[in-house]
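The values are calculated or read from the model by the stated rules, or taken from the named source; none is laboratory data. Quick caveat: nothing in here was measured; it's all calculated off a predicted structure. All Cβ positions, even for glycine, are placed from backbone atoms using ideal geometry, and neighbour counts span all protein chains on display. What goes into the accessible areas is simple: the full protein's heavy atoms, side chains included, and nothing from ligands, DNA or RNA. Shrake-Rupley method; radii C 1.70, N 1.55, O 1.52, S 1.80 Å.
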Amino acid sequence: MLDPRLIRSELDYVVAQLARRGFKLDAVRIIELEAQRKDIQVRTQTLQADRNARSKSIGQAKAKGEDIAPLLAEVGKLGDHLKSAEQELSQLQTELEAIMLGVPNIPHESTPDGKSENDNVEIRRWGEPTCFDFDVKDHVDVGEQLGGLDFDTAAKITGSRFAVMTGGVARMHRALIQFMLDLHTREHGYTEIYVPYIVNKESLRGTGQLPKFEKDLFKLNDEQEYYLIPTAEVPVTNVVRDEIIDTADMPRRFACHTPCFRSEAGSYGRDTRGMIRQHQFEKVELVQIVKPEDSHQALEALTGHAEIVLQKLGLPYRVMALCSGDIGFSSTKTYDLEVWLPAQNTYREISSCSNFEDFQARRLQARWRNPETGKPELVHTVNGSGLAVGRTLVAILENYQQADGCLKVPEVLQTYMGGLTTIAKA
RNA sequence: GGAGAGGUGGCUGAGUGGUCGAAAGCACUGGUCUUGAAAACCAGCGACGGGUUAAACCGUCCCAGGGUUCGAAUCCCUGCCUCUCCGCCA
């Protein structure tokens, strides 16, 4: 959520900034509602003050043993006026809040302008696209040849966009998770955290998935209206919801492995083959809760932490700065890491690292006590994938495939796989 | 699933219809003392919204949502959550 005061005082600026990302803010409507709100709020508060004063004098009169009947008569009508004013006010506030919850974050000044992913800007590359002296297969063929990847069985068990992994492939998938968690906790200063995979509406509203993106979520058919998490970002960031964090505990850095569930309504027809786009996938997520002045530095650092995973795995990649039209709803600045997929002859997203500044914090009421002011102030939140495990496996299947159909095991994974150096063809 | 207890400021915790936004303690901030620190003592100290140059001041908030009342942290209803005991269970 944006700062309501910013919208009130710098409406033109906000409108212009949101236009950069293709969002049209209904300024006229907001001005209108704000004016009404102010008017009714003043009226309501005047009535409340009046009621409070009268009630107080009734109490005092009663204490002295005076007759309170005339005072009661006086206050009689006040209640009705007050009630209707209060109702009107809360209706307006609800409407204003609904609008505010649907307004995306303002792009950071360093976020390049642009309309779509075609306008994203390449920041740097690492490694050279892998060369092969034989015909490269895509990860589906490599995986099936190894007898480790099976989409037909998954379709039987559930439906499309699920995968069954077996044997060495399943083991490598698990090894990747251990490797990533160990790396981030041992070398990058993150605390491992385990969280629920089912969350309530408040949590999803806090990180920005609700109310606008319910279609992308799997909702449970229960009384509590629970949802499966689309990313660990939701439960992990909500750890600090409604909290005032001690300065000594800042920053907080969490590394978390969870499955992610995405309905992705609207993505039909994209990446239908293979493991790129699934309803269920594993991810190791990095989340940082930081002081406002540190958040952009934290984004650079966090992006670097995700990059090191790719470097250690020997997977070529590039870093893209998403343009204003392509960053997510809650984000002010986002870097995507794109890994080289030889079969597609292109780079594909494998991590997305974002700074949300205080956008999520405001929804979450996540604050820290600034020692300089002594006051609670909103924190900044930063997160990113470190990495998407399924897609990392895809990248390994494609980049480490051998002419004979076997799969080399990246060196850093070998200790996680009992010293195995190659996964043999089935 | 059954029975009971409870949800109050950053934390612990008192408060059962009328100057209660709320005792006390801890934490924190400032001061005295000290070479410095600690201790001790004194003072200050909730959040949010409105208002103000700043204050004063006004409003809302004692889990959430309804209700009773001139007036609710306090009474009633519903929901959520936590704890204890019993049962069941990986």
Förster radius 22 Å - calculated FRET efficiency between A:A98 and A:E202, Cβ distance, rounded to 0.05: 0.90
Measure of exposure for A:D50: accessible area at 1.4 Å probe, Å² rounded to 10, is 60 Å²
Applying a 10 Å radius around every beta-carbon, put A:118-127, A:308-317, A:158-167, A:229-238 in order of their mean neighbour count, most first. A:229-238, A:308-317, A:158-167, A:118-127
When only Cα pairs under 8 Å and 6 or more residues apart are kept, what is the percent relative contact order across chain A? 20 percent
Roughly how many Å is it from the Cα centre of the range A:232-289 to that of the range A:78-141, as a whole number? 15 Å
For A:H257, what accessible surface area do you get with a 1.4 Å probe? Give it in Å², rounded to 10. 50 Å²
Hey, quick one: spin label on A:A155, modelled 7 Å out along Cα-Cβ, who in the range A:252-281 has an amide N within reach, i.e. under 18 Å? A:268-280
Per residue solvent-accessible surface (Å²) - chain A, probe of 1.4 Å: 49 Å²
How much length is gained on full extension from A:A170 to A:D26, taking 0.36 nm per residue of separation minus their Cα-Cα distance? 46.8 nm
Could I get the Rg over Rh figure for the range A:117-423? Both from C-alpha atoms, Rh via Kirkwood, rounded to two places. 0.97
Proximal lysines to A:K212, defined as alpha-carbon separation beneath 29 angstrom and excluding residues fewer than eight positions away on the same chain: A:K24, A:K38, A:K115, A:K201, A:K283, A:K291, A:K333
Antiparallel %, DSSP beta bridges [both residues in chain A], to 5: 95 percent
State to the nearest 20 debye the size of the charge dipole of chain A about its Cα centre, where the only charges are +1 on K and R beta carbons and -1 on D and E beta carbons. 700 debye
Going by Cα centres, the range A:359-375 and the range A:390-426 are how many Å apart? 45 Å
Carbon and sulfur together cover what percent of the accessible area of chain A at a 1.4 Å probe radius? 48 percent
